[in-house]
Amino acid sequence: MTVNVAVVGATGAVGEEFLRILESRKFPVKELKLLASKRSAGKKMRFYGCDYTVQELTKHSFQGIKIALFSAGGSISREYVPYAIESGAVCVDNSSAFRMDDDVPLVVPEVNPQDIAKHHGVIANPNCSTIQLVVALKPIHDAVRIKRIVVSTYQAVSGAGLKAIDELQKETASILSGHEGFKRNLFPYQIAFNVLPQIPQSNAFLPNGYTSEEMKMVNETKKIMGDNSIRVTATTVRVPVIRSHSESVNIETERKITAAAVKKLLSTAPGVKLVDDTANQLYPLATMAAGKDEVFVGRIREDESIDHGINMWVVSDNLRKGAALNAIQIAEKLL
Ligand code: NAP
Ligand code: 3JN
């Protein structure tokens, strides 16, 4: 069976990845519709060696569409997902617009595939930092129950879109060539050769002092794991890396689990690639995960400051498993 597919936000960092993954996974596309803003209408994008013309998104864009992959931000999803559903499409939405709605499944296929069936026309794709965290932690939670998670992220600039990649590249080149006065458009401070403890870059801080990215990780982790009792705290940080988010993760479990047992569990866990050979200086890297599908886990060791604690290092390509791949895996399960 082949189906008509629409990609909303096709010209963006996630949109471009959607096309690559639809193609490489041979998703059964009958007709493909590429949608973006008026600015990009008429632009050509390649799919299976052919040129496809980007069209302006309107409320009439979804006639005949079976699967709509949304990745153009929350306000676009809030406005256009209802039109897509009305036209008979099932939407997989990459934005935070519906993630915490009770009647919208928030799905990572390795963790809670059973929730897909509960959808009413829209399935939410979690935040990239949450996805890689829960893929790594679900097998441990199932084995010994996780009581508390403390996570700090090191997030690539591509998480903030194509303009952010451009700003890092241009600012780096400008600094290296000795020019002064580079004009930033996106990040509040220099991102080249720097580390910014603020994500997103605008309107980030909430009354509790956390950023919205941090609270997404807290709330989404509980919803996907189906366990509100897990305590989660997060610090999200932008680093001058183009692709792949890295995370330092500390967990406290109800029952004791050794580092060796965690390695054994994760060596066969779905979607996980264990890279943990410290004798040979082998551990996950952003460069290792970029362009790959798996969540890479390593540096697994017992937290010697508490009775039942584990530390680990978790890395994944934020545009693939963190966004486009996870959404397409959901769509595959839908079909
Ligand atoms: P991006 O590179 O800035 O691309 C934004 C895309 O949205 C472009 O295709 C843009 O089209 C389109 N767009 C903007 N305004 C539009 C409008 N009025 N009507 C139609 N299309 C419009 O951003 P990105 O990194 O791809 O991310 C896009 C969204 O995906 C984010 O805002 C977020 O909601 C979601 N996202 C989720 C995750 C995750 O963690 N799961 C990760 C990254 C992003 P033009 O070319 O016409 O401007
Ligand atoms: O900054 C990152 O690394 C991830 C960013 C994700 C993002 C960016 C803009 C809007 C989101 C998201 O997925 O939560 C959103 C949003 O839809 O709220």
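Any read-out appearing in this document is the output of simple, stated calculations on the displayed coordinates, not a laboratory observation. Model, not experiment: these values are computed from the prediction. Note that we place each Cβ from the backbone using ideal geometry, even for glycine, and neighbour counts take in every protein chain shown.
Table for the structure above
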| quantity | calculated |
| --- | --- |
| Dimensionless Rg/Rh of region 190-236 - Kirkwood Rh, Rg from C-alpha atoms | 1.07 |
| Relative contact order of the chain, pairs being alpha-carbon contacts under 8 Å that are 6 or more residues apart, as % | 18 percent |
| For region 88-180, size of Cβ-based charge dipole, Lys and Arg +1, Asp and Glu -1, in debye | 380 debye |
| Relative contact order of region 94-174, pairs being alpha-carbon contacts under 8 Å that are 6 or more residues apart, as % | 23 percent |
| Pairwise FRET efficiency - V195 versus K163, Cβ, R0 = 22 Å, nearest 0.05 | 0.65 |
| Under Karplus coefficients 6.51, -1.76 and 1.60, residue-wise ³J(HN,Hα) of region 304-312 in Hz, glycine/proline x | 7, 8, 9, 5, 10, x, 9, 10, 7 |
| Karplus (6.51, -1.76, 1.60) ³J(HN,Hα), θ = phi - 60°, over region 34-42, in Hz, Gly and Pro reported as x | 9, 10, 7, 7, 3, 4, 9, 4, x |
| Shape call, region 185-335: gyration tensor on alpha carbons, a/c limit 1.5 | rounded |
| Kyte-Doolittle mean at least 0.0, axial Cα span of 20 Å or more - DSSP H helices of the chain | 128-144, 162-176 |
| Cα gyration tensor category, rounded, prolate or oblate, for region 277-319 with a/c compared to 1.5 | oblate |
| Residues with amide H under 5 Å from that of K273, placed H, sequence gap 5 or more | V295, F296, V297 |
| Inter-label distance, nm, simple model (7 Å from Cα along the C-beta direction), E79/S248 | 4.1 nm |
| Cα gyration tensor shape for region 49-193, rounded if a/c is under 1.5, else prolate or oblate | oblate |
| Spatially proximal lysines relative to K264 (Cα-Cα < 21 Å; intrachain offsets below 8 disregarded) | K138, K147, K256, K273 |
| For region 167-246 versus region 267-284, the gap between their alpha-carbon centres in whole angstrom | 26 Å |
| Kirkwood-type radius of the chain, with distances r between different C-alpha atoms, in Å | 20.6 Å |
| Added length on full extension, which subtracts the Cα-Cα distance from 0.36 nm per residue, A279 to E304 | 7.0 nm |
| Full-extension gain in nm, T53 to E86, via 0.36 nm per residue minus C-alpha separation | 9.4 nm |
| Residue-span extension gain [T287 to K333] - 0.36 nm each, minus C-alpha spacing | 13.6 nm |
| Sites R148 and T235, calculated FRET efficiency, Cβ-Cβ separation with R0 25 Å, nearest 0.05 | 0.95 |
| Charge dipole of the chain about the Cα centre (unit charges at C-beta), most positive-ward option of A68, S158, A279 | A68 |
| Point-charge dipole on Cβ atoms (K/R +1, D/E -1) for region 168-322, about Cα centre, debye to 20 | 420 debye |
| Efficiency of FRET between T258 and D103 - r from beta-carbon atoms, R0 45 angstrom, step 0.05 | 0.65 |
| Kirkwood Rh in Å, taken over region 1-68 so that all alpha-carbon pairs contribute | 12.0 Å |
